[in-house]
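Structure first, commentary second.
The values are calculated or read from the model by the stated rules, or taken from the named source; none is laboratory data. Just so it is clear, the model here is predicted, and its values are computed rather than measured. Quick reminder, even Gly has a Cβ in these numbers, built from the backbone with ideal geometry, and neighbours come from all protein chains shown.
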Amino acid sequence: MSGLSEKKQQQTDPFYTKSADEALAALDSQADGLSDQEAAKRLEQYGSNELEAGKKTTMLQKFLEQFKDLMIIVLLVAAVISAVVSHEVVDALIILAVVIINAIMGVVQESKAEQAIEALREMSTPNANILRSGHSKSVSSHELVPGDIVLLEAGDVVPADMRLLEINSLKIEEAALTGESVPVEKELIVLDGTDIGIGDRVNMAYSNSNVTYGRGKGVVVNTGMNTEVGKIAGMLANADETETPLKRNLNQLGKFLTIAIIIIAVIMFFVGTMINDQSWVDMLLTSISLAVAAIPEGLPAIVTIILALGTQTMAKRNAMIRKLPAVETLGATDIICSDKTGTLTLNQMTVEKLYFDQKQLAASDEIAKDNLAIKLMNYANDTKFSKEGNLIGDPTETALVQFGLDKGFDIRKEGKVEPRVAELPFDSDRKLMSTIHQLVDGTFLVAVKGAPDVLINRSTSIYQGGKEVPLDETQKAAILENNTSMAKQALRVLGVAYKIIPSLPEDRSSEVIENQLVFTGLIGMIDPERAEAAEAVRVAKDAGIRPIMITGDHRDTAEAIAGRLGIIKPGDDDAVLTGAELNNLSEEEFAKVVTQYSVYARVSPEHKVRIVKAWQNAGKVVAMTGDGVNDAPALKQADIGVGMGITGTEVSKGASDMVLADDNFATIVVAVEEGRKVFSNIQKAIQYLMAANLGEVLTLFIATILAWDTLLPIHLLWINLVTDTFPAIALGMEPAEKNLMAHKPRGKQSNFFSGGVLSSIIYQGILEAATVLFVYWSAIQWPAHTAENMIGLTAAQLYDLQHGDALTMAFATLGLMQLFHAFNVKSVHQSLFKVGFFKNKTFNYAILLSFVMMMIIIVVPGLNDIFRVTHLDTYQWGIVLGSSFAIIPVVEIIKAIQRAMGKE
């Protein structure tokens, strides 16, 4: 066995560059297979033919991971301070409850994220038919070793990477690895070059691909983690976990709050002790209490709820979110790298053009069901029908039958009248397929389908004007010209021909059956673009998002589809790069030219990861779509991985952040719009909460400096409970603002304070504090109760009464003003009258509920004693309501000035 090990280690040239004999020699194998003893030795040496299990994360580890965010740490510190120093146990419990609930939701959302490699492992076929010492036997695919000879037939899953030794019309569907929609016709030729893409290695068969047609035999060259699928599994396991914009923004917010809170606490402490000559112990407690009040403890829960609401909305629009932060990440997307097959296209070969009787016809044209070309394309065809009436077979052949059905030609009925009596199966060497049908007059029709150039050389006549005429050079030139025209449109072109013979010949060789033909027509097919994809591309471009097509298909096909979709200008081949060309570029060279290319053809999994990383290194937020095993590493590398729900493998879904239920590119653009709305609404909630907290902090800070006793801790606690949570959550349900998709992506460096939010928080917080302090001051200066109408009270009693009224008015003004201010926050810059006061019913109910809860504390006897507030008369309520409502017109005026200055 050491001989094989040394040879394997010495291998520098890929097996597709070796002949069959050279491959067998390199593997110390032979055409009749290994012996059982030799296979057992190799199994011990190379290990089982299966993928290594990925590292598992325990539920406890996942739970603890949730506490690494700076924002969460700040909240935990605040909870400890509240309980130990300020003795606000209820406040501490609320903070802890919020943090724990948030952590649990994070674990639930991310617990499924580690299934990708496990799904890869489960994809392996359970059994394989092999030769051992010349005898055929079935063994578990896990027992295969390099050098084993495997027999393949239609319906099999290829169990390992193999160099093909024999083939008989063998076609293998490799879409999961290459992204190419059409099964690959295998050949035994020796390939030249060491950088040939998987899709062009026609003498190889790869693990987990599917045999769709014919038979074959091959020698196993790689098993387990050394297969192409194994390499993908390794890339998947080692892919970098990208930090989402949401996580980055929350960390930035946490840092900002931490710095701000420390500054506030230090200033408060020194002002109280050095200027007001207060006890340092009292001022320490006051400073800490004020700092704790500055923390929006409900923010993580509110963000989680807004994201969860976004996932529900997206689910209704066919976008299933697997990880909550993905909702917001979508809104920041700059680049959408999309697979072609099934996402931008229908993943269904379709007849698009027909050249018949010297005319090129579109598939949508009126074509009679008795058209001879339609008859021939259906006769020379192995498509079967399921019990449900679905077409089963090679995608190219099913497209021809579907075209016939669309035109009224049903092969099931016609085949009974003119039954097939003989056939010559398709062969990749002669590139033809023929069937023979008995006609009602006793003669026989030979229907031939295949490569146009081959058919022309085998034809002596052409069907023209309803009759057979000799095929001359002019007609040949016209056929070839139309063939070239279709090919330039990236159509897959087939020719059809026929001849009538009086009887079935004994010699049914190709030389006898497939000669002296009557050329009939050309059929052009393509996997067409989705009808809605072009509009989605246009919307994406208008939103400043750049669509990038990445596919395993050929360059011409990719370029044509991209041109038809508007991804590139038709014929702009400078915007197209192949995988082979990408191999010739270093990372530095590619980084310089990555913005030039919008289409990548014939790419490998490694190429997809390189493309995503190049755009990320350019500072862009990248979304990547994919459905195959080959897409999984890039899906995991991307900022937002988008899997396909219909055609996608479990591997690609497991590596994704979002799964499309309809496999539609247009759904991605819809999800981006929803993501932008979610980010905007989170911004609104943060603006609302931070402005409110800033107003509270400034109120207490200035009051402390002035030695005013404005608000008690219980007042702040109640205001935060009543006015923060419900309106902030309701703001997360605001409908999208108009022209949301007319703006460019906000950029990777943006944060929750971008777009004028920070300046709005500052001036609105100052406005709230100034209003509350003014109401308190005015209540002291011009009290409703005077010595004349409060005869019998002492000066101290009168002061307490006046102070109680002032404190109550400050408390009511702060709470109600925050509720009125919630209307301002419906848009950072747009007028409330344009956005609409009452469009969001949930918001209206939330404001009403919070308003009632605020009023109950003041007007219900008993409760006002608990909260140390007094009853207010009509005059005092007028001041409170007028002052509170004033924030709406004031902010409206400031917004109008900002819009006039072009700061929108």
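Just a few scattered comments:
- A search for C-beta distances below 9 Å between a residue of the range 134-156 that is assigned to a loop (DSSP other than H, G, I, E, B) and any residue that is aromatic (F, W, Y), counting only pairs 6+ apart in sequence or on different chains, returns V145/Y46; P146/Y46; A154/Y213.
- Test: residue in the range 835-850 that is closer than 24 Å to A806 by Cβ, surrounded by 14 or more Cβ atoms within 10 Å (Cβ to Cβ), touching a helix residue (DSSP H, G or I) at 6+ places or on another chain (Cβ under 6 Å) and at pLDDT 85 or above: yes
- Count of residues meeting criterion [assigned to a loop (DSSP other than H, G, I, E, B), at negative phi and at pLDDT below 85] in the range 851-869: 3
- For M901, the conditions (1) within 45 Å of the chain's Cα centre (by Cα); (2) under 21 Å from A770 (Cβ atoms) all hold with the exception of (2).
- Unique match (being assigned to a strand (DSSP E or B), at pLDDT 65 or above and within 31 Å of the chain's Cα centre (by Cα)) among I130, I104, I172: I172
- Within the range 249-268, the set of residues being over 20 Å from G695 (Cβ atoms) and crowded, with 19+ Cβ neighbours inside 10 Å comprises N249, L250, G254.
- From G197, G193, G218, residue being out of contact with any Asp or Glu (no Cβ under 6 Å at 6 or more places or on another chain), within 25 Å of T647 (Cβ to Cβ) and of a type in the set (G, A, S): G197
- The number of residues in the range 486-518 that are assigned to a helix (DSSP H, G or I) and modelled with pLDDT of 90 or more comes to 5.
- For the range 205-233, taking the residues that are at pLDDT 85 or above and assigned to a helix (DSSP H, G or I), the one that is surrounded by the fewest Cβ atoms within 10 Å (Cβ to Cβ) is identified as M225.
- Residues located in the range 133-169, provided they are within 36 Å of the chain's Cα centre (by Cα) and of a type in the set (V, I, T): V157, V158
- Residue ID - farthest from V448 (Cα to Cα), chosen from residues in the range 368-418 that are exposed (fewer than 14 other Cβ atoms within 10 Å of the Cβ), at pLDDT 90 or above and aliphatic (A, V, I, L, M): A368
- Residue count for the range 817-850, restricted to those that are outside any helix (DSSP H, G or I) and either touching a Ser or Thr at 6+ places or on another chain (Cβ under 9 Å) or in contact (Cβ under 8 Å) with a residue 60 or more places away in the chain (or both): 9
- Scanning the range 703-715 for residues being hydroxyl-bearing (S, T, Y) and either part of a helix (DSSP H, G or I) or surrounded by fewer than 21 Cβ atoms within 10 Å (Cβ to Cβ) (or both) gives a total of 1.
- Listed by first and then second residue, the pairs with beta-carbon distance under 6 Å, at least 6 apart or on different chains, first residue in the range 24-40 and assigned by TED's automatic domain parsing to the domain that holds G218 and part of a helix (DSSP H, G or I), second among the basic types (K, R) and surrounded by 13 or more Cβ atoms within 10 Å (Cβ to Cβ), are A26/K7; D36/R132.
- Screening S680 against (1) in a helix (DSSP H, G or I); (2) assigned by TED's automatic domain parsing to the domain that holds N584; (3) touching a residue at least 24 places away in the same chain (Cβ under 8 Å) leaves a single unmet condition, (2).
- Elements of type helices (runs of 4 or more DSSP H) in the range 234-316, at least 3 residues being modelled with pLDDT of 70 or more and among the hydroxyl-bearing types (S, T, Y): 299-316
- Filter result for L354 (closer than 29 Å to V469 by Cα and within 40 Å of the chain's Cα centre (by Cα)): yes
- Candidate set from the range 801-830 (those that are at pLDDT 90 or above and of a type in the set (G, A, S)); member that is nearest to the chain's Cα centre (by Cα): A822
- Within the range 422-439, the presence of a residue that is surrounded by fewer than 19 Cβ atoms within 10 Å (Cβ to Cβ), hydrophobic (A, V, I, L, M, F, W, C) and touching a helix residue (DSSP H, G or I) at 6+ places or on another chain (Cβ under 8 Å) is excluded.
Condition check ((1) of a type in the set (A, V, I, L, M, F, W, C); (2) farther than 30 Å from V440 by Cβ) across all residues:
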{"residue": "S461", "(1), (2)": "no, no"}
{"residue": "G465", "(1), (2)": "no, no"}
{"residue": "A490", "(1), (2)": "yes, yes"}
{"residue": "P505", "(1), (2)": "no, no"}
{"residue": "L517", "(1), (2)": "yes, no"}
{"residue": "L522", "(1), (2)": "yes, no"}
{"residue": "A534", "(1), (2)": "yes, yes"}
{"residue": "I548", "(1), (2)": "yes, yes"}
{"residue": "L565", "(1), (2)": "yes, yes"}
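- Evaluation of T723 against the conditions (1) modelled with pLDDT of 85 or more; (2) within 29 Å of L93 (Cα to Cα); (3) surrounded by 24 or more Cβ atoms within 10 Å (Cβ to Cβ) shows that the sole unmet condition is (1).
- Qualifying residue in the range 693-702 (condition: touching a Ser or Thr at 6+ places or on another chain (Cβ under 8 Å), of a type outside the set (D, E), buried (at least 24 other Cβ atoms within 10 Å of the Cβ) and not in a helix (DSSP H, G or I)): no
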